[in-house]
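Contents: one structure, followed by commentary.
The values are calculated or read from the model by the stated rules, or taken from the named source; none is laboratory data. Because the structure is predicted, anything quoted here is derived from the model rather than measured. Please note: Cβ atoms are built from the backbone with ideal geometry, for glycine as well, and neighbour counts cover all protein chains shown. Accessible surface areas use protein heavy atoms only, side chains included; no ligands, DNA or RNA. Shrake-Rupley method; radii C 1.70, N 1.55, O 1.52, S 1.80 Å.
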Amino acid sequence: MPIRSFSEKTLTGEVLRRVRRAPDPRLRQVMASFVRHLHGFVREVRPSQEEWMRGIRFLTETGQWCDDRRQEFILLSDTLGASMLVDFINYGGGGTATESTVLGPFYVEGAPELPMGASIVKPGTPGAPCEVSGTIRDARGRFVAGALIDVWQAQGDGLYDVQKPDGANARACFRTGADGRYRFRCVKPVSYPVPHDGPVGRMLHATGRHPMRPGHLHFRIAAPGCETLVTHLFVKGDRYLDSDAVFGVKRSLIVEFRRNRAGGYAARYDFVLKLAKRRTPRQKR
Ligand code: BEZ
Ligand code: FE
């Protein structure tokens, strides 16, 4: 058989023919699409060898910045809008249910479970005192008992506990009773920058973007019979609501944090969880 050689025109077709031999149909589909878009990108941009190497160095450094406290690839996905696109595809169109948004890199599994009404911040934590309360219902309007509400936030200095040396703080779990109500104390969320001392920060700077996120509280709410909801509550009036570095703001999640008589703030939000998708008999294991 004669040895074939390829040209700029014919190379993509050959790569596609080879990846289409993958036995797994989903992998076949994903790889074929990836190759088409990658080759399309190279054809459109026509990088020099030096530019291509700079791109490879950027991705290499992104990986080198990752460890068990820092996930630079998630940050890259977040700041390029890819995380929110995946979120829209997988959780979109909820009808009356509360909208979701990015998980972000600061969620820590296994936060301490506290009694309803407790404070998630240790004494001396920077920030203005704040109380948040409301209800958890399902999409049929029933109060949800036994919902596990995970809450976490940046402190008043704009840093999460995992970015500081003082141990766990400003995160906790609460479990709803039969009334489906929740209530906890925290500090009023402030706007803060996503980590921008690494490759992603350089990308933001080079493209003329700021690294700020509007003040928010993170929630992950899991309950029997319901889909797990990952979302935020954003502070109404925050100057970065319209330019969140990770594109996570949804209008329905913006909440007024009102001044209360004790000199702190109070916010109220009623969450609605989607009902869990029923498995078809073929999906049952
Ligand atoms: C955050 O809100 O914690 C966050 C989300 C995405 C990227 C960086 C930080
Ligand atoms: Fe956050």
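Size of the dipole of the chain about the Cα centre, Lys and Arg at +1 and Asp and Glu at -1 on the beta carbon, nothing else charged, in debye to 20? Intermediate values should be presented prior to the final figure.
Details: 45 positive and 29 negative charges, 253 e Å.
Once rounded to the nearest 20, the dipole reads 1220 debye.
Could you work out the relative contact order of the chain? I mean the mean sequence separation of Cα pairs under 8 Å and 6+ apart, divided by the number of residues, in percent. Don't skip to the end; give the middle numbers.
Working: 485 pairs, mean separation 55.8, N = 285.
Answer for the chain is 20 percent.
Probe of 1.4 angstrom, ligands and nucleic acids ignored: what's the accessible area per residue over the chain, in square angstrom? Walk me through the intermediate numbers first.
On the way: 16950 Å² over 285 residues.
Each residue of the chain exposes 59 Å² on average to a 1.4 Å probe.
Springs between alpha-carbon pairs under 10 angstrom, Gaussian network model over the chain: which of PRO214, PRO47, PRO129 fluctuates most?
Residue with maximal mean-square fluctuation among PRO214, PRO47, PRO129: PRO47.
Report, to two decimal places, the Cα Rg of the chain normalised by 2.2 N^0.38 Å (N = number of residues). Provide the component values of the computation, followed by the final result.
On the way: Rg = 22.8 Å, N = 285, 2.2 N^0.38 = 18.8 Å.
It is 1.21.
Report the Cα centroid-to-centroid distance between region 226-267 and region 62-78 in angstrom, as an integer.
Each part's Cα centre sits 25 Å from the other's.
If you take every DSSP beta bridge whose two residues both sit in the chain, what share of them, in percent to the nearest 5, is antiparallel? Intermediate results must be reported in sequence, preceding the final value.
Values: 29 of 40 bridges.
Antiparallel bridges make up about 70 percent of those DSSP assigns within the chain.
Please go through the residue pairs LYS164/LYS236; LYS236/LYS277; LYS122/LYS236; LYS122/LYS277; LYS164/LYS277 and name each one whose alpha carbons sit more than 29 Å apart in this structure. Each step should come with its number before you reach the end.
Working: LYS164/LYS236 27 Å; LYS236/LYS277 33 Å; LYS122/LYS236 25 Å; LYS122/LYS277 38 Å; LYS164/LYS277 39 Å.
Result: LYS236/LYS277; LYS122/LYS277; LYS164/LYS277 exceed 29 Å.
Using a 1.4 angstrom probe on the protein heavy atoms only, line up VAL86, VAL19, VAL151 by accessible area, largest first. Can you show the working numbers first?
On the way: VAL86 85, VAL19 30, VAL151 0 Å².
Highest to lowest solvent-accessible surface, that is VAL86, VAL19, VAL151.
Under 16 Å Cα to Cα from LYS188, which aspartates and glutamates show up? Leave out anything in the same chain fewer than 8 places away.
The qualifying aspartates and glutamates are GLU131, ASP157, ASP161, ASP238, GLU256.
Would you rank THR60, THR231 by solvent-accessible area, highest first, keeping every protein chain in place and using a 1.4 Å probe? Write down the numbers at each step before the final one.
Numbers: THR60 70, THR231 0 Å².
Reading off the accessible areas and sorting them downward yields THR60, THR231.
What is the percent carbon and sulfur in the accessible area of region 51-151, measuring with a 1.4 Å probe over the protein chains and ignoring ligands?
Working: 3280 of 5560 Å².
Heavy-atom surface of region 51-151 belonging to carbon and sulfur, 1.4 Å probe: 59 percent.
Keeping all protein chains in the complex and leaving out DNA, RNA and ligands, what accessible area do you get for HIS37 with a 1.4 Å probe, in Å² to the nearest 10?
130
With θ set to phi - 60°, apply the Karplus curve 6.51 cos²θ - 1.76 cosθ + 1.60 along region 197-214 and write out the HN-Hα couplings as whole Hz, x wherever there is a Gly or Pro.
For region 197-214, the Karplus-derived couplings read 9, x, x, 5, x, 5, 5, 4, 4, 5, 9, x, 10, 8, x, 7, 10, x Hz, x marking Gly and Pro.
Using every Cα-Cα pair within region 35-192, state what percent have a distance larger than 24 Å. Kindly include the intermediate steps, with their values, before the conclusion.
Numbers: 6520 of 12403 pairs.
Pairs farther apart than 24 Å: 53 percent.
Using the basic label-point model (7 angstrom from Cα toward the beta carbon), what is the ALA222 to PHE73 distance in nanometres?
Simple spin-label model gives 2.3 nm for this pair.
Quick check on the chain: helices-only [θ] at 222 nm, where DSSP H runs of length 4 and up contribute -39,500 (n - 2.57) each and the sum goes over total residues. Nearest 500, please. Don't jump to the answer; show the numbers that get you there.
Values: 6 runs with 72 residues, N = 285.
Helices in the chain give a 222 nm mean residue ellipticity of -8000 deg cm²/dmol.
How many times 2.2 N^0.38 Å is the alpha carbon radius of gyration of region 124-243? Can you show the working numbers first?
Details: Rg = 16.5 Å, N = 120, 2.2 N^0.38 = 13.6 Å.
Output field value: 1.22.
Expressed in whole Å with the largest first, what are the equivalent ellipsoid semi-axes of region 160-219 derived from the C-alpha gyration tensor as the square root of 5 times each eigenvalue?
Working: eigenvalues 206, 42, 18 Å².
Result for region 160-219: semi-axes of 32, 14, 9 Å.
With just the Cα atoms defining each centre, how far is region 18-54 from region 117-170? Give it in Å.
42
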